[in-house]
Each structure stands twice: as structure tokens, then as C-alpha cells.
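Reading through the C-alpha cells given below for one structure.
The values are calculated or read from the model by the stated rules, or taken from the named source; none is laboratory data. Everything numeric in this text was worked out from a predicted model, so none of it was measured. Every residue, glycine as well, gets a Cβ built from its backbone with ideal geometry; the counts of neighbours run over all protein chains shown. All accessible areas refer to the heavy atoms of the entire protein, side chains included, with ligands and DNA or RNA removed. Shrake-Rupley method; radii C 1.70, N 1.55, O 1.52, S 1.80 Å.
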Amino acid sequence: LTFDAEYLEHQTVRGKRRASNAVEGFVEAATDVGEGLSGMVDVVTKPVEGARSSGIGGFLMGMGQGLRGALVKPVSGFGKALAHVGQGVSAQISEVTTTYTSGGRRNQARIRRRLPRLLFSDRGVVQPWSEFD
């Protein structure tokens, strides 16, 4: 929405990062908020860049880009901040509740309500459950 190629390229590179714990999520969120708020500077920088490159027409076009960037970038920054906090908290919870099997596969930790029982005995009959089996 900002039509700012440099910003879009930077966000594409940053978008591939994933928070692996809650602390990383909050750090990424702070970075996103800072970058979003730095978009407010576009109101000044984009018209100046446009005026340097194309004169008065570039200045007016830069005003439009600057206003659009000043609105879109902070909203985008706050949205990404919320996403990174959520990813970090989710990763932290998964780390605590996930166990690994001997084959390296992830299993969710489950607490058994009762011990497993032998369904069929040597006579082929289902036996009642017993803690001693």
C-alpha cells in the first residue's frame, strides 16, 4: 500500500524471521513498532526526494507517498508487532509442552489417566483392568 520499493524489500527480508521464544517475540515486536513509527518521517522525506528528482510534480507525488506511508507503516508495524508477540508466546508454550520421541518426532506431552492394559490375554478374552498387570 505504500508503493515504497525500499520499504517493501526490507519488510520481505524481515518477514522471514520467526520468533523462537517469548523474548525474541518481544524484541521483534519492539523493532516492528520502531520501524512503523519511523514511517512518520516519510511526510518530510518523500516530498524532498520527489522534488530533487522531478521538481514540483515530484514534490506533489512525494507528498502523496509520504502521507500514505505515514498512515500505512505505523499500522503495519503494530500489526506485525502483535504477530511476533503471538509467535513468540506460542513457540515458548510449544517448547514447554512438546516432547520428542526416540525418532526425533515431536509429540505433545500427555499425562496418562491410567496405565495401558493388555486387551487380549492368552485365552483371547478381554481382561478387566488391573493396576498390577
Q.
Can you give me the solvent accessible area of L71 with a 1.4 Å probe, rounded to the nearest 10 Å²?
A. 130 Å²
(Q) Between S54 and F26, how high is the FRET efficiency from 1/(1 + (r/R0)^6) when r is the Cβ-Cβ distance and R₀ = 35 Å? Nearest 0.05. (A) 0.25
Q. Gain in length, R114 to L82, computed as 0.36 nm per residue apart minus the alpha-carbon separation, to one decimal in nm?
A. 7.5 nm
Q: Using a 1.4 Å probe over the heavy atoms of the protein chains, calculate the carbon and sulfur portion of the accessible area of the range 44-95 as a whole percent.
A: 72 percent
